[in-house]
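Asks: Could you have a look at this structure, given as structure tokens, before my questions?
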Amino acid sequence: MQIYKKFLLDLIRNYIIGSGVAVIVVGGVIISTTLTISDVEMVRIFFIMISSLCVMMYAEFLMFRRHMKPIRMMLEQEKPDIATIREAYLQTHRFPALSVKRILGPHFLGLSIPAIAMASSAIAMGWLSLPAYYIGLAGIGAILIASMHALLEFFSTAQAIRAVLVHIRQVGQRLHGEDVSLDGRVIVSIQRKFQLSAFLIGTMPLFLFSLATQIRLISHSSDLTADYWKWAGIILLLGVGFSSLGARMLTRDIQQPISDLHRAMKEVQAGDLQVRASDLYSDEFSRLVAGFNHMVKGLEAREQMNNQLLQSYYATLAAALDARDAYTAGHSTRVAQYSLMIGRAVALSETELDLLNKTALLHDIGKIGVRDDVLLKESRLTDEEFEKIKLHPVLGESILKQIEPAEAMAPLLPGVRSHHERYDGKGYPDGLQGQDIPEFGRIIAVADAFDAMTSDRPYRKGMAVEKALAILADGKGTQWDPRFAQAFMDVYKP
């Protein structure tokens, strides 16, 4: 596939550039400018370097092929499954860190071990007139050069993977309808990335300069070596300290706004749309924070509008139900008001009160399924007709179960089904008793009974409030939950 070939070419190009800069240019320049040796010996040294590079490239190729396998498998398949896509996506994100491991592993060892072995043999056979301890200095230099190459490779690979990541996400969306992502997983933290990068950038030139100067001094006069390291050691110590401090300060300066945004995002995810990210920054993070806050304001405004529409929806359903019978007009709204009075009296939370209000508005929604000749009958119901009326809690639950999303209706179902249960277990439809009756059902039962007693019916006038309250008092612990009945009597004001 074209995307795979391009990705491979980008990686190879970046590798050649990184190797050329770090190994050939830097290493070659140091060797050619610091060592005082004959042209023949210089050629032999470069032969050793080229031979070691061949070993290094072969060792690294083996590991590179293994690292590429999940990505290659996915990109070469016409219709990969979702597990293959996810593994390729994760492996692609890992690739910059894996490139560092390849350079500090087979890259470094594949270069240094053969080079040390060949250089030692050349010195032993007299092909190189260099002190043996130069090999140790060369090993230190190899570590520095490998670190420089790893830094270049990490950031160049991080750029190269972007097109592949976009392609993998598109494939996942097209074939499986899934938006593949890391879902917040951190592969390489910003703290580690910035601290190591800033440290290497700050200290690499110092170490290379010190190492090259040491070789140069030794080749001219060993008397200067001791004095050299007195001041060179101090400069190195200061350089390392300053680089470490600068890396730490830079990392903290970047981590702080990211932490603030992440905290705010978690609060938004938890449902708090009042939260705002701290706008305390004067760099590009200022724009990021401002954009985040504007987004949250937009979500808050939309949430308020949705809530208003939803409340209107529930109220409209209740009004449409009550409109079937002129004598019960406003019943659902009044029951909701009475239920909220009880809920506030017993200190329900705002979330619980909102759900209670919606449940009470729709508590009689099942009566839509009752025939008009039964529901609107102006005389007393027969036993058979009353049995049909008694089906409305179950019908109401069944109707609400058809509304999507199901999770939005789920908290309302228990109260709708159980609002005609009695505290003594003689109610319907399930004959539940006491605390087994859902809380909303017990609250709405009190509110529903009070409104039914005080409202006019075709076959009777509504009773006086005082009498209805007395009936509630008599029915505490038998027909109604004593706590909720008493709470209503305490707060109701005629």
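Asks: Based on this model, can you work out whether GLU397 counts as modelled with pLDDT of 85 or more, out of contact with any strand residue (DSSP E or B) (no Cβ under 7 Å at 6 or more places or on another chain), farther than 18 Å from ASN307 by Cα and charged (D, E, K, R)? Full working, then the answer.
Replies: Values: modelled with pLDDT of 85 or more: yes; out of contact with any strand residue (DSSP E or B) (no Cβ under 7 Å at 6 or more places or on another chain): yes; farther than 18 Å from ASN307 by Cα: yes; charged (D, E, K, R): yes.
Yes: the conditions hold for GLU397.
Asks: Which of the following residues is crowded, with 16+ Cβ neighbours inside 10 Å, at pLDDT below 75 and assigned to a helix (DSSP H, G or I): ALA146, ALA138? Full working, then the answer.
Replies: On the way: ALA146 fails: at pLDDT below 75.
Being crowded, with 16+ Cβ neighbours inside 10 Å, at pLDDT below 75 and assigned to a helix (DSSP H, G or I) holds for just one of ALA146, ALA138, which is ALA138.
Asks: Continuing with the same structure: Applying the selection to region 266-310, what residues are basic (Lys, Arg) and either farther than 17 Å from GLN256 by Cβ or in a helix (DSSP H, G or I) (or both)?
Replies: Within region 266-310, LYS266, ARG287, LYS297, ARG302 qualify.
Asks: Answer yes or no as to whether ASP424 is farther than 21 Å from LYS358 by Cα and over 53 Å from the mean Cα position of the chain (by Cα).
Replies: Working: farther than 21 Å from LYS358 by Cα: yes; over 53 Å from the mean Cα position of the chain (by Cα): no.
When the stated conditions are applied, ASP424 does not pass them.
Residue-wise test of (1) surrounded by 13 or more Cβ atoms within 10 Å (Cβ to Cβ); (2) in contact with a Cys (Cβ under 7 Å, 6 or more places away or on another chain); (3) in a helix (DSSP H, G or I).
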| residue | (1), (2), (3) |
| --- | --- |
| GLY396 | yes, no, yes |
| GLU407 | no, no, yes |
| PRO411 | yes, no, yes |
| PRO414 | yes, no, yes |
| ARG417 | yes, no, yes |
| GLY427 | yes, no, no |
| VAL446 | yes, no, yes |
| PHE488 | yes, no, yes |
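Asks: Of all residues in region 149-201, which are open to solvent by 50 Å² or more (accessible area, probe 1.4 Å) and more than 26 Å from the chain's Cα centre (by Cα)?
Replies: Answer for region 149-201, where residues must be open to solvent by 50 Å² or more (accessible area, probe 1.4 Å) and more than 26 Å from the chain's Cα centre (by Cα): LEU152, PHE199, ILE201.
Asks: Out of all the residues in region 269-311, which are closer than 30 Å to ALA336 by Cα, touching an Asp or Glu at 6+ places or on another chain (Cβ under 8 Å) and open to solvent by less than 100 Å² (accessible area, probe 1.4 Å)?
Replies: Of everything in region 269-311, just one residue is closer than 30 Å to ALA336 by Cα, touching an Asp or Glu at 6+ places or on another chain (Cβ under 8 Å) and open to solvent by less than 100 Å² (accessible area, probe 1.4 Å), namely LEU273.
Asks: Quick check on this structure: which one of MET68, MET56, MET74 is open to solvent by less than 30 Å² (accessible area, probe 1.4 Å) and over 29 Å from SER147 (Cβ atoms)?
Replies: On inspection, the qualifying residue turns out to be MET74.
Asks: Which ones in region 112-135 are farther than 21 Å from ASP39 by Cβ, open to solvent by 40 Å² or more (accessible area, probe 1.4 Å) and among the polar types (S, T, N, Q)?
Replies: SER120
The values are calculated or read from the model by the stated rules, or taken from the named source; none is laboratory data. Given the structure is predicted, the values throughout are model-derived calculations rather than measurements. Using ideal geometry, Cβ is built from the backbone for each residue, glycine included, and neighbour counts are taken over all protein chains shown. Protein only, heavy atoms only, side chains kept; ligands, DNA and RNA dropped before computing areas. Shrake-Rupley method; radii C 1.70, N 1.55, O 1.52, S 1.80 Å.
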